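Readers should treat all values here as calculations from the given coordinates under stated rules, not as data from a laboratory. Keep in mind that what you see is a predicted model, and the values were worked out from it rather than measured. With ideal geometry, Cβ positions are generated from the backbone for all residues, glycine too; neighbour counts draw on all protein chains shown.
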Amino acid sequence: MKHDVWLVFAGGGIGAVVREALMLSVQTVGGFPFSIFFANVIAAFLIGLATGLVTRGSLGASGNLFFSTGVMGGMSTFSTFMHGTDQLLLESVDFTALIYLVISMIVGLILALGGIKLGSGRKAAN
Amino acid sequence: MIEVLATIILVFLGGGIGSSLRWGVGKAVGKRYHGSFPWGNFAVNITGSFLIGFLATLFLIDWDNRYGTFMIALVITGLLGGYTTFSSYELDTAKLIGKKKTGIAATYWIGSVVAGLIAALAGIFLAGVIR
């Protein structure tokens with residue numbers, strides 16, 4: 001219990017550094033922020049996977065706190081996602097803004113759902 | 001090399017502090033509210049969106065130098081990036097769908113981005129006004 005905050009702190013720090021590395025290495029094409037997109041949807045899949053593993057009993061509470069609340073929470077970002085979309089709207093790159101917004105929402109949700117199913121070992125039809 | 005190392009340390013510290021704050025808000029909200037709507041992550045994501053619009057507008061314009069890039073690494077990329085979360089936003093939505101609470105799921109899923117976009121815009125405009 002006492003160590004919980006340090007699990008979140010260390011995980012969040014690591015996740016944020018991974019996101020920074022993606023931001024430095026993945027190019028923005030046509031205004032579309034691929035680095036943030038990839039960081040967000042990959043983290044959405046992995047947090048779903050971790051949640052599935054918890055329900056199956058393969059991942060404990062501390063491990064999940066470190067990995068999901070920490071690393072995946074730190075790697076993904078909602079603020080940059082919103083600010084990036086607003087920037088594109090303000091620069092009148094409306095179509096890219098809309099695609100970025102909607103594709104992030106849909107792909108992230110599908111990958112989170114898929115991660116849960118894969119992690120918990122349940123078949124797609126339930 | 002020193003600058004790359006400094007940036008990594010600042011992003012790490014910011015990400016760690018921001019994630020701890022998010023976790024703290026989640027715990028505080030969880031103690032008081034026991035309903036289905038994920039108010040903790042909603043509150044975190046919307047306040048974080050307002051702050052990024054506000055601070056990025058001030059930072060990028062006023063602190064466009066080496067000190068500024070370190071502040072961006074610590075506050076924007078680290079702190080606010082760690083504080084807000086996209087993965088939990090999608091996970092919350094997926095869990096609500098799994099519990100067949102489709103109405104709450106849709107409200108949270110769409111409401112978060114609508115409120116987040118408005119909050120970030122409000123931050124951008126407020127920073128422009130007070131500058």
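Data for the structure
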read-out: Filter pass, A:M82 being aliphatic (A, V, I, L, M) and within 22 Å of B:I110 (Cβ to Cβ); value: yes
read-out: Any hit, region A:90-101, residues being farther than 18 Å from B:S87 by Cβ, within 9 Å of chain B (Cβ to nearest Cβ) and surrounded by fewer than 18 Cβ atoms within 10 Å (Cβ to Cβ); value: yes
read-out: Residue in region A:76-86 that is among the charged types (D, E, K, R) and more than 7 Å from every other protein chain (Cβ to nearest Cβ) present; value: no
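Here is a yes/no grid of residues against (1) within 9 Å of another protein chain (Cβ to nearest Cβ); (2) surrounded by 16 or more Cβ atoms within 10 Å (Cβ to Cβ):
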| residue | (1), (2) |
| --- | --- |
| B:G26 | yes, yes |
| B:S36 | no, no |
| B:T57 | no, yes |
| B:Y67 | no, no |
| B:L74 | no, yes |
| B:K99 | no, no |
| B:G103 | no, no |
| B:Y108 | no, yes |
| B:I130 | no, no |
